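The values are calculated or read from the model by the stated rules, or taken from the named source; none is laboratory data. The structure displayed is predicted, hence computed values, not measured ones. Don't worry about glycine lacking a Cβ; one is built from the backbone with ideal geometry, like all the others, and counts go over all protein chains shown.
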Amino acid sequence: MKKSLLILFLFFSCDTFAQGHNPYGLEIINEYSVYQKSVELDKNKQLVEIKKYIPTINLDIRYAGKNNFTKQAVYQQARAFARLPVVQALKRVQNELKKSGFGLKIFDAYRPYSVTVKFFAIATDKSFVANPKDGSRHNRGCAIDLSLIHLKNGKEVEMPTPYDSFAPEAASNFQDLPPIIIKNRELLRTTMERYGFRVLDNEWWHFDFVGWKNYELMDIPFEDL
């Protein structure tokens, strides 16, 4: 009985008293203590550092430098986090790709909500960035931006466009491409889909994890995780 009352108390504390609110009426977790309480209730809500869980994965965190569409560093640290089930699924993807000589390179994963607000203000083409009125699946720790590399030399596999491209060729179903590039893109897509990810229509590199609606929007910086 006492345990049940504790769980109820933590639930209402997280949901009612300590979540941040914004002009759009969204409830956003912006305090580490509130995030911790949500993890106590559901361990799957833990934000896991991907590189620590999958040491063989390659990182190229673009928003920690200037090689991105904003031309500025928006992260203070070049790290990547995602919810526990997302990272577990990524590990299965990595293990399968390894059999064919490929691996994953991650450009971005969990993204604090305040960064989404900044992106929307900067972007000239709003169709390639999440609208702050809804928040992003990145803000929920359930979206990954990534590509493939050749394990033998670490080089990126040729894809339709560079990461962060606003070109029409970035669409996940764009067909006017060389067969080898379509093959590479489809290898990434089909492998990711096999483990619970779904590609975004206009970005071949962006994958959402199924069940993302079950996770709260977050605005906790990497430095606090």
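Key figures
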quantity	calculated
Long-range neighbours under 7 Å by Cβ, at least six apart or interchain, first residue among the basic types (Lys, Arg) within region 34-60, second in a loop (DSSP other than H, G, I, E, B) and at pLDDT 95 or above	Lys45/Tyr215; Lys51/Ile57; Lys51/Ala80
Of residues in region 61-74 being among the hydrophobic types (A, V, I, L, M, F, W, C) and without any contact (Cβ under 8 Å) to a residue 24 or more places away in the chain, the one surrounded by the fewest Cβ atoms within 10 Å (Cβ to Cβ)	Ala73
When residues of region 137-183 are limited to those that are polar (S, T, N, Q) and modelled with pLDDT of 95 or more, the one farthest from Asn95 (Cα to Cα)	Gln175
Subset tally (residues that are crowded, with 16+ Cβ neighbours inside 10 Å and closer than 11 Å to Phe222 by Cα) for region 75-94	4
Unmet criterion (only one of (1) modelled with pLDDT under 95; (2) out of contact with any helix residue (DSSP H, G or I) (no Cβ under 7 Å at 6 or more places or on another chain)) for Tyr110	(1)
Selection from region 178-225 of residues that are within 24 Å of Lys45 (Cβ to Cβ), among the β-branched types (Val, Ile, Thr) and either touching a Gly at 6+ places or on another chain (Cβ under 8 Å) or in a helix (DSSP H, G or I) (or both)	Val210
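To keep it simple, each residue is scored yes or no on (1) out of contact with any strand residue (DSSP E or B) (no Cβ under 8 Å at 6 or more places or on another chain); (2) within 23 Å of Gly196 (Cα to Cα); (3) among the aromatic types (Phe, Trp, Tyr).
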site: Ile57; (1), (2), (3): no, yes, no
site: Arg62; (1), (2), (3): no, no, no
site: Gln77; (1), (2), (3): yes, no, no
site: Arg83; (1), (2), (3): no, yes, no
site: Val86; (1), (2), (3): no, yes, no
site: Lys99; (1), (2), (3): yes, yes, no
site: Ser114; (1), (2), (3): yes, no, no
site: Ile122; (1), (2), (3): yes, no, no
site: Lys133; (1), (2), (3): yes, no, no
